[in-house]
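These notes are about the structure you will find just below.
The values are calculated or read from the model by the stated rules, or taken from the named source; none is laboratory data. Everything numeric here is computed off the predicted structure, so don't read it as measured data. Cβ sites come from the backbone with ideal geometry, for glycine too, and all protein chains shown count toward neighbours. These area figures cover heavy atoms from the full protein model, side chains too; ligands, DNA and RNA do not enter into them. Shrake-Rupley method; radii C 1.70, N 1.55, O 1.52, S 1.80 Å.
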Amino acid sequence: MSAPVSIIDPETLPRHFEAAEVEARLHDRWDRLAVYAHDPARPRSETFVVDTPPPTVSGSLHVGHVFSYTHTDVVARYRRMRGENVFYPMGWDDNGLPTERRVQNHFHVRCDPRAPFTPGLTLAPATAAELKQPPRLVSRPNFIDLCLELTRQDEEAFKSLWRRIGLSVDWSLEYSTIDARCRHLAQLSFRDLFEKGHVYSIEAPTMWDVDFQTAVAQAEVEDRPTRGAFHDVAFGVEGGGELTIATTRPELLPACVAVTAHPNDARYRALFGKTALTPIFKVPVPIFPSELVDPEKGTGILMVCTFGDATDVTWWREQKLPLRQIIGRDGRLVAVTFGSDAFPSRDAETANARYAAIVRKGVGGARQAIVEMLRDATSDATGAGVPPLRAEPKPIEHSVKFFEKGDRPLEFISTRQWFVRLLDKKDDLLAFGDRIRWHPDFMRLRYRNWTENLNVDWCVSRQRYFGVPFPVWYPLDRDGHPEYARPVVADAATMPVDPTVDVPPGYDDDQRDQPGGFTAEADVYDTWFTSSLTPQIGSGWLLDPERHAARFPADIRPQSHEIIRTWAFYTIAKAMLHERTVPWHHVVISGWILDPDRKKMSKSKGNVVTPMHLLDEYTSDGVRYWAASARLGTDTAFDEKVLKVGKRLVTKLYNAGKFVLSQAGPRAPIDVELDRAFVARLRELVARVTKAFDEFDYAHALQDTESFFWHDFTDTYLELVKHRARDDAGGSAIAALRLGLGVLLRLFAPVLPYVTDEVWSWVFAGETGHPSIHRAPWPSAAELDAVAVPADAGCFDVAVACLAAINKAKSEAGVSPGRGVARLALAAHPETLRALAPVQADVLRSARVERHEMVAADALAASTFEVRDAEWVAAVEA
RNA sequence: GGGCGGUUAGCUCAGCGGUAGAGCAUCGGCCUUACAAGCCGAGGGUCGCUGGUUCGAAACCAGCACCGCCCACCA
């Protein structure tokens, strides 16, 4: 007689799955066993490298995070069970404007680089009373300390959430984008791009946010529909005549440098080459033709200003127009003098008097004031002596460029900025994008679309504080002017540097800001300049060439679709510029979680669902089930019902595990036809689920596994064989049940890491020698091929159909399914009866049929049973 | 204006050339020796609209409508 299987005593286990206790216990266990540790010694071919998104820690924490990070984790867990050495780091994106803004609001402070440094400054969150006062000004080092302190707290909150939802990251690989190593890598990136000629600095009109007072890049700009109005304004024409331009930005009249119309526009053709005279300021400006003008819009003729919009920049460049910048970095009108070289005027005295009334005003105030002046006949420049505003402003709605995080329209302001040269590499960028596999594939079009429409190089300098500084100084000439054409870039060996503190090679500290000395580049990088290096941050790149060679490019980049134009795009660009390679082989795109009205969840909309109470109520596994139920790239409305289903599944797994593993019997081969048919079904399931996971399609993998588990395993197979399993001869059934449970637990493990590992630990951990299911091998064909193939795998379905027919009859008779059947006549097609024969005993025993009669009925369809006659066993008296 | 997705049962979603599916919700029946956090059943849909291809279309093609997203549109 063979040895009995090892079993559990269900009475010793908690009645229900105690999620909080199990989760805490398993965390300890996973840590102790180093289940998620990456092995640096294993070669690239055996390693699966995840380029994890570093979350912006200053953002709100909501179920959307849980959603997408779970997707990545599910894939990582699958790969780990496939025996791959998973490289799964976690970073925090903490530098940049979102953090600065959060710190400003949290402590009610503003950074003032001129403020004195206060050693050891710590602040409490601002009180309501403090918020009514002007913000406290703090020095740059103090401001950065406050940023570091607050992000540290934010990172703790994220980290505990990540652990709670069971992300299988290797925490020894944790980083933050502001830490010394990341600053070092970002500066090395700059140095490499500089040496290769991919970066340049130039003073040029740049999109500028007047609130944050920094340049921004094209990728951070969005169009917003904005109300405005066309103002018809009459200009004089020197030599006689007039013209009426239409503008939505009358406040830029002092910055007018030209007038233009379409070359074929008969109304204005005669004016080209002549000089127009602006009203109010009487500035002579050239009139030139341009194909870019739409004759249908406004009056068909318009003023060119420096700068009202992107087209103005084009005209300014192409026509070599003068620069009359009147909007300052703070969005207010700067002081200018009419009658100077830069601002000529036919009536400088009046022009200066009028301008004095608007100087220092913001754009809106200046607009009002100018419009009032345009209503005044004395502003006329046509000689007609009538108000230049020829019609009441016509309200329109048009789209205006905003910084995505900003509140006021962007201005084009001429400033010195650093750029990464990308415009001349569009073809390469497209080709590299096509070397990557996108999941779902249509997302590749977003990348193509963006790349094709790129129209300015990547502006990477930001006039902010909490960021990675440029490792750059400029020599000062004898007059103390910076020589921007000769930047001094820090040596790789001295990085990371802060040029405002550190001294460039070849200089002494006392030469700082002295004529003949040097001055620091005060700007910091665009946060994407660092974030675009996450695959290299993971691998170590120039700081660890050996590991870089073994861990780069990464396998997958998980991310959401709205940042394809930033994160994915810049990362592809960086890898291409640095090493002529792709940064990863697969991009895996999660959708969004929408609120029930199908709007994206965001803090500003106030529709955010936070995750903690959900984890408490539905367990981590239940929440993960919800996340893993959504297909890749598909936006999903948040629906708590799905969480409920997840929790139900967890409970069911726990109970099924207890039941199966408490069935005592001998260790025996699987040699009964029904058991073999079940294993055949299981084999098919494993093949399908494995294929789905290989394609990153965890949602279908889960759905398939779940429906098999619930329907085929617990409701059907288990019901069919549980009586036999209790018999002396039930060894085959017990073996098949245990095999099925062990396989299903592993198929579920990537999605439900807690309950599966808990059930696994009872018996399978010891039997297999794999203490955690998360390092147990993925179910394989080989493991199932040890079980012989059934003569007819279809007997499983026939058994199911037969049991269903009897159940239906019981239901129609109002009899409990558990009630026995004293006598039963079952009709089916002869072929069906033949198929039933090998499994008939299990079916009849399961239905508790005492006496039966099989009726051959040629008229019935295959696998169909009819209960012709039945006599139910009387109910047991209570 | 260009591009991309979507539109299937009351709800959330699968299916993507071969007789319409799941879960939830609804209704009915069951304490039945793993699980009532459960089980057994039932009802419920002209698969957005209009054409076309096909022996056969929810699926393929064309057009339209609506929803959403990405991009463009600042005179």
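Computed 3J(HN,Hα) for the stretch A:281-298, one whole-Hz value per residue from the Karplus formula 6.51 cos²θ - 1.76 cosθ + 1.60 where θ = phi - 60°, is 9, 6, 8, x, 9, x, 10, 10, x, 8, 5, 6, 7, 9, x, 7, 8, x, glycine and proline marked x. Taken along the Cα-to-beta-carbon direction at a fixed 7 Å, the label points for A:Asp112 and A:Glu130 span 1.6 nm.
Between A:Gln319 and A:Arg631, take the C-beta separation as r, use R0 = 60 Å, and let me know the FRET efficiency to the nearest 0.05. It comes out at approximately 0.70. With a cut-off of 13 Å between beta carbons, the residues surrounding A:Gly540 carry a summed charge of +1, where Lys and Arg count +1 and Asp and Glu -1.
Model label sites at A:Ser604 and A:Glu767, defined 7 Å from Cα along the beta-carbon direction, differ in position by 5.6 nm. Within the stretch A:694-818, the proportion of Cα pairs with more than 18 Å between them is 63 percent.
The mean accessible area for residues of the stretch A:614-750, using a 1.4 Å probe and ignoring ligands and nucleic acids, is 32 Å² per residue. Annotation: extensible slack from A:Ser2 through A:Glu222 equals 72.0 nm (criterion: 0.36 nm per residue apart, minus Cα-Cα distance). Annotation: amide H-H contacts under 5 Å for A:Val400 (H modelled 1.01 Å from N, sequence separation of 5 or more, or interchain): A:Arg224, A:Thr226.
Overall, the accessible surface of chain A at a probe of 1.4 angstrom is composed of carbon and sulfur to the extent of 51 percent. Between A:Lys691 and A:Arg82, residue separation times 0.36 nm minus the direct Cα-Cα distance comes to 218.0 nm. Its Cα centre serving as origin, chain A has a Cβ charge dipole (Lys and Arg +1, Asp and Glu -1) of approximately 780 debye. Listed by number, the DSSP H helices of chain A that run 18 Å or longer by alpha-carbon position along their axis and have mean Kyte hydropathy of at least 1.0 are A:731-748. Spin-label pair A:His398-A:Ser60: with each label point 7 Å from Cα along the Cα-Cβ axis, the two points sit 3.4 nm from one another.
In plain terms, the bigger the Kirkwood radius, the slower the diffusion; for the stretch A:193-284, with that radius from Cα pairs, at 37 °C and 0.692 mPa s, Stokes-Einstein puts D at 194 µm²/s.
Here r is the Cβ-Cβ distance between A:Ala357 and A:Val386 and R0 is 35 Å; the resulting FRET efficiency, rounded to 0.05, is 0.95. Highest mean packing first, where packing is the average number of other Cβ atoms within 10 Å per residue, the peptides A:668-679, A:726-737 line up as A:668-679, A:726-737. Backbone amide hydrogens, once placed in the peptide plane, bring A:Phe235 within less than 5 Å of A:Leu243, A:Thr244, A:Ile245, excluding anything fewer than 5 places away on its chain. Annotation: peptides A:380-391, A:12-23, A:303-314, ranked by per-residue average of other Cβ atoms within 10 Å with the highest first, follow the order A:303-314, A:380-391, A:12-23. Normalised radius of gyration (Cα atoms, divided by 2.2 N^0.38 Å) for the stretch A:266-320: 1.13.
Charge dipole (Cα centre; +1 on Lys/Arg Cβ, -1 on Asp/Glu Cβ; no other charges) of the stretch A:306-421 amounts to roughly 380 debye. Normalised per residue, the accessible area of the stretch A:486-560 is 38 Å², obtained with a 1.4 Å probe and no contribution from ligands, DNA or RNA.
The length gained on full extension between A:Trp171 and A:Ser414, counted as 0.36 nm times the residue separation minus their Cα-Cα distance, comes to 83.0 nm. Translational diffusion of chain A was estimated from the Stokes-Einstein equation, with Rh taken as the Kirkwood radius over Cα pairs; at 25 °C and 0.890 mPa s the coefficient is 76 µm²/s. Rolling a 1.4 Å probe over the protein heavy atoms gives the stretch A:376-473 an accessible area of 44 Å² per residue. Applying 1/(1 + (r/R0)^6) with R0 = 60 Å to the Cβ-Cβ distance of A:Asp639 and A:Arg478 gives a FRET efficiency near 0.25. Using the Cβ of A:Gly300 as centre and a radius below 9 Å, the other residues enclosed give a net charge of -1, where K and R count +1 and D and E count -1.
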